[in-house]
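This report concerns only the one structure given below.
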Amino acid sequence: MAHQNSFFRHILCLLFISSSMLLTSVHAQVIDEYSGQETYMRYCAACHGVSAVGDGPVARGLPISVPDLTLLQQRSGASFQEDLLRKIIDGREIVVVHGTRYMPVWGYEFWVEEGGNEEAQERVDTIVDNLVEYLRSIQR
Ligand code: HEC
């Protein structure tokens, strides 16, 4: 009986390992399935802070201050400029004329994470849309 139990445990274990391998190979990319808040916490909070006021742990190490993302609307005269924000977050179309962009080029980062092909681009759009909606929800 004891032998049988451990045999079944092995089978279960193998099933578990192979199904999780299958899951990762079929869909290693799931960022587009996260909510905007989850994506924010995972990829943005390190610099912009958990409450988005620009006080993440990495911010201290940067030579410039990290913007408060709860004041985007106030700073642009009470309008929430979602198209512009999408472009800023994506970063691939934005040319930094002076100085350095310290923020990663998320459009590229997410595109690579999502597989780097044509379908990946659709998922990048979803990810960035979710982030922008999250930012909208936290404006002061
Ligand atoms: C490595 C630190 C870092 C991370 C991580 C980071 N940012 Fe930034 N972010 C910055 C800095 C610094 C700026 C100021 C512009 C610059 O130098 O790149 C900025 C600027 C911005 C701006 C423009 C704000 C304004 O006032 O115009 C937005 C919007 C933004 N970030 C959103 C995000 C989002 C969304 C994420 C996560 C996907 C993110 N950031 C992750 C550092 C970071």
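Below are the figures for this structure:
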{"item": "Within segment 72-108, considering residues that are at pLDDT 95 or above and acidic (Asp, Glu), the one farthest from the ligand (Cβ to nearest atom)", "result": "Asp83"}
{"item": "Residue ID - nearest to the ligand (Cβ to nearest atom), chosen from residues in segment 53-68 that are touching a residue at least 24 places away in the same chain (Cβ under 8 Å) and out of contact with any Cys (no Cβ under 8 Å at 6 or more places or on another chain)", "result": "Ile64"}
{"item": "Number of the exception - Ala46 against (1) within 8 Å of the ligand (Cβ to nearest atom); (2) surrounded by 11 or more Cβ atoms within 10 Å (Cβ to Cβ); (3) farther than 24 Å from Val30 by Cα", "result": "(3)"}
{"item": "Among residues of segment 106-124, those that are surrounded by 15 or more Cβ atoms within 10 Å (Cβ to Cβ) and either within 13 Å of the chain's Cα centre (by Cα) or at positive phi (or both), counted", "result": "9"}
{"item": "Those helices (runs of 4 or more DSSP H) lying entirely in segment 60-140 with at least 3 residues within 17 Å of Met41 (Cα to Cα) and among the charged types (D, E, K, R)", "result": "118-137"}
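Condition check ((1) within 20 Å of Tyr34 (Cα to Cα); (2) without any contact (Cβ under 8 Å) to a residue 60 or more places away in the chain; (3) out of contact with any Leu (no Cβ under 8 Å at 6 or more places or on another chain)) across all residues:
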{"residue": "Leu71", "(1), (2), (3)": "no, no, yes"}
{"residue": "Phe80", "(1), (2), (3)": "no, yes, no"}
{"residue": "Asp83", "(1), (2), (3)": "no, yes, yes"}
{"residue": "Gly91", "(1), (2), (3)": "no, yes, yes"}
{"residue": "His98", "(1), (2), (3)": "no, yes, yes"}
{"residue": "Arg101", "(1), (2), (3)": "no, yes, yes"}
{"residue": "Trp111", "(1), (2), (3)": "yes, yes, yes"}
{"residue": "Glu114", "(1), (2), (3)": "yes, no, yes"}
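The values are calculated or read from the model by the stated rules, or taken from the named source; none is laboratory data. For clarity, every value in this text was computed on a predicted model and none was experimentally measured. Backbone-built Cβ (ideal geometry, glycine too); neighbour counts: all protein chains shown.
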